[in-house]
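In what follows, a single structure is set out as structure tokens and then discussed.
The values are calculated or read from the model by the stated rules, or taken from the named source; none is laboratory data. Note that this is a predicted model, so its numbers are computed, not measured. Cβ sites come from the backbone with ideal geometry, for glycine too, and all protein chains shown count toward neighbours. Quick note on the areas: whole protein, heavy atoms, side chains included, nothing else; ligands and nucleic acids left out. Shrake-Rupley method; radii C 1.70, N 1.55, O 1.52, S 1.80 Å.
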Amino acid sequence: MVPGDSAGPGPAIAVRGLRKSYDGRTDAVAGIDLEVPRGEVFALLGPNGAGKTTTVEILEGFRKRTAGEVSVLGIDLAHGGRRLRERIGIVLQECGIDPYLTVIEAVRMHALRYPTSRPADELVELVGLADQRRQRVKTLSGGQQRRLDLALGLVGDPELLFLDEPTTGFDPSARRASWEVVRNLCSLGKTVLLTTHYMDEAQAIASHVAVMALGRIVAQGPPDTLAGRDHLATAIRCPLPAGVLPDGGGLPGLDLPVTVEAGTVTVEVPEGEDVARALHRLTGWAVDGGHDLAGLTVSRPTLEDVYLRLTGTVPELTPGETAEGDRP
Amino acid sequence: MVTVDDLTKGLRLAVLQVGYEQRSYWRNPTAALFTFAFPVIFLVIFGFSSGNHEIGSLLPGVRLEQYYVPSILTYGLTSACLSNLAVSMTFRRDQGILKRVRGTPLPTWAYLGGAVGSSLVVSLVLAVVTIGFGVGFFHVPFPHQIPALVVGVLVGAVAFCALGLAVATVVPNADAAPPMVNIVMFALLFISGTFYPVDPKSGLAHVAGLFPVVHLKDALLDAVIPLSGHPVWDWRDLRVVALWGAGGLFFAARRWRWETKQG
């Protein structure tokens, strides 16, 4: 292997037309294209059953693809095998560790398997398990085991790290600490492919996201601009003040188009219009009428809003699946 | 392409893996109790309760307490290798431990080699303890045929490890492992005359003769207790054991799975 090849020019992951069908029936992955540049955190999002795990497990070498081209770190997966596994780290959900080994023993045992490895003590420190280093794995809490998972994923000093819902079951400070670990990896030029259910996690650490639904990628891009998020209307929201009755498309005396739903007033300010002006009108109206606006918020749609819209609008999402199952 | 370098590296990893397997084994009360302590306890109970009388026409000149030394050693090898690997590998598959191994560069043969090596260590310790008890308390002559004994123990242990890996591919999940493995193992042990001598002309003995347990027991018996008319090196029995081991290895290699099937 040519030195420096690992940091080569190509993307960390390149996928074209990837398809996977089980039993030749439905496609769990129905032809996706994906490119993960080196040195980035790339998040793969999607509801359960969208095909995320299948996709990631193909990239990790656990599953064989039905069709398509896949290259990971410049190696075609068909001839990847051990040479590739020396250069990647995998953090899976529900992947056990020998319960009778201690934390430090488990890290050392895994370190042996890689041509280059990070010092065990340093890693245990990094994931915040220094106090538990001599504790047996079976005595760790769920969150501590997940942190040990992360340490084992990093032990081979991988160029590419797969993280499958890495912070499930973490308390908020542990989550933030592991986000910091992931960000630091990227500053070292490592690539991370993350799957997560937490949109705030994707927002916080991913530079690119792809949203999957029903085996397809329905949107792809930086989290801030995903699916035109940066061009979507800003929403001003407040609870409907007491004693105000909405009339048709607005509130009496207020010169703004509003929608009222479930006791919440929403003013949508489209891209290009002045949010301050709309807010000024609303607050002026409230002061004049003596209305209380406690709970007022001004927000762009969050990544979660966009995500729900994307995964909710895939036409056959829920009804299609049940219809398939009910067929005699 | 597998190079010589790969092989030496893999071998080194397998040896280091034995160390970790050993720590895990002795710290696991279920494994250490059922697969190591039980055979020793059985030997003590059977040996001391059987008295110093001869078996009679089945094995002229052999005392019952002597007989139990190779026969309980056979039980020990079966449990430390076959039962231990079948149960622990099924458990590891269920827990995702095997899947994690699959995601590392560790070669499959080095990982399984480490597990087998660890079972061999336990087998040798069992052999020393069992023979030691026999010599100390049960009038077993100090084995003048140590090479035959060592070869018998190693062939038996390796073959039963291979069979253990094969059984692990048949057992669906960790809950099913102990009952499935124990029923089959104890049935074979009983009909093979492990806990009391069985008349070799009986129907049971003919059934037992199809399986490897009785052959290992006979080979160990010949190596431990000198009997007139029996060769010390019992190649015929060892060959049957080795063939079963080879079959087990072939079966395990074809059916080996890293993950428990869902649903």
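The table below lists the values:
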item: Out of B:225, B:191, sole residue that is surrounded by 17 or more Cβ atoms within 10 Å (Cβ to Cβ) and within 26 Å of residue B:147 (Cβ to Cβ); result: B:225
item: Condition check for residue B:55: surrounded by fewer than 21 Cβ atoms within 10 Å (Cβ to Cβ) and modelled with pLDDT of 90 or more; result: no
item: Yes/no for residue A:69 being open to solvent by 20 Å² or more (accessible area, probe 1.4 Å), of a type outside the set (Val, Ile, Thr), in contact with a strand residue (DSSP E or B) (Cβ under 6 Å, 6 or more places away or on another chain) and more than 14 Å from chain B (Cβ to nearest Cβ); result: yes
item: Qualifying residue in segment A:91-101 (condition: facing chain B (nearest Cβ under 9 Å), over 21 Å from residue B:259 (Cα atoms) and surrounded by fewer than 19 Cβ atoms within 10 Å (Cβ to Cβ)); result: no
item: Matching entry among A:136, A:113 (being touching a residue at least 12 places away in the same chain (Cβ under 8 Å) and open to solvent by 20 Å² or more (accessible area, probe 1.4 Å)); result: A:136
item: Output for segment A:77-94, where each listed residue is in contact (Cβ under 8 Å) with a residue 12 or more places away in the chain and closer than 19 Å to residue B:17 by Cα; result: A:85, A:86
item: Residue B:98 being modelled with pLDDT of 90 or more, under 29 Å from residue B:199 (Cα atoms) and crowded, with 19+ Cβ neighbours inside 10 Å; result: no
item: Pairs where the first residue, in segment A:156-184, is within 20 Å of residue A:199 (Cβ to Cβ) and among the acidic types (Asp, Glu) and the second is open to solvent by less than 30 Å² (accessible area, probe 1.4 Å) and not in a loop (DSSP other than H, G, I, E, B), C-beta under 7 Å, 6+ apart; result: A:164/A:56; A:164/A:91; A:164/A:195; A:165/A:195; A:171/A:143
item: Positions within segment B:184-213 being part of a helix (DSSP H, G or I) and in contact (Cβ under 8 Å) with a residue 24 or more places away in the chain, in sequence order; result: B:185, B:188, B:189, B:212, B:213
item: Residue that is within 14 Å of another protein chain (Cβ to nearest Cβ) and of a type in the set (Lys, Arg), where the choices are A:136, A:175, A:183, A:147; result: A:136
item: Test: residue B:123 is in contact (Cβ under 8 Å) with a residue 60 or more places away in the chain, of a type outside the set (A, V, I, L, M) and within 29 Å of residue B:167 (Cβ to Cβ); result: no
item: When residues of segment B:31-52 are limited to those that are among the polar types (S, T, N, Q) and open to solvent by 60 Å² or more (accessible area, probe 1.4 Å), the one nearest to the other protein chains (Cβ to nearest Cβ); result: B:49
item: Members of segment B:20-30 that are surrounded by fewer than 16 Cβ atoms within 10 Å (Cβ to Cβ) and either facing another protein chain (nearest Cβ under 10 Å) or of a type in the set (D, E, K, R) (or both); result: B:26, B:29
item: Residue check, residue B:3 more than 9 Å from chain A (Cβ to nearest Cβ) and either within 23 Å of residue A:112 (Cβ to Cβ) or open to solvent by less than 50 Å² (accessible area, probe 1.4 Å) (or both); result: yes
item: Given (1) at the interface with chain A (Cβ under 10 Å from one of its Cβ atoms); (2) open to solvent by 30 Å² or more (accessible area, probe 1.4 Å); (3) more than 17 Å from residue A:152 (Cβ to Cβ); (4) not small (Gly, Ala, Ser), number of the condition residue B:125 does not satisfy; result: (1)
item: Pick from segment A:213-262, criterion among the β-branched types (Val, Ile, Thr) and outside any strand (DSSP E or B), ranking: most open to solvent (accessible area, probe 1.4 Å); result: A:225
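The rows are residues; the columns are (1) within 14 Å of chain A (Cβ to nearest Cβ); (2) under 18 Å from the mean Cα position of the chain (by Cα); (3) of a type in the set (Asp, Glu); (4) open to solvent by 40 Å² or more (accessible area, probe 1.4 Å).
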{"residue": "B:79", "(1), (2), (3), (4)": "no, yes, no, no"}
{"residue": "B:91", "(1), (2), (3), (4)": "yes, no, no, yes"}
{"residue": "B:107", "(1), (2), (3), (4)": "yes, no, no, no"}
{"residue": "B:121", "(1), (2), (3), (4)": "no, yes, no, yes"}
{"residue": "B:150", "(1), (2), (3), (4)": "no, yes, no, yes"}
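Residue-by-condition table, conditions (1) among the small types (Gly, Ala, Ser); (2) at pLDDT 85 or above; (3) not in a helix (DSSP H, G or I):
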site	(1), (2), (3)
B:222	no, yes, no
B:232	no, no, yes
B:254	no, yes, no
B:259	no, yes, yes
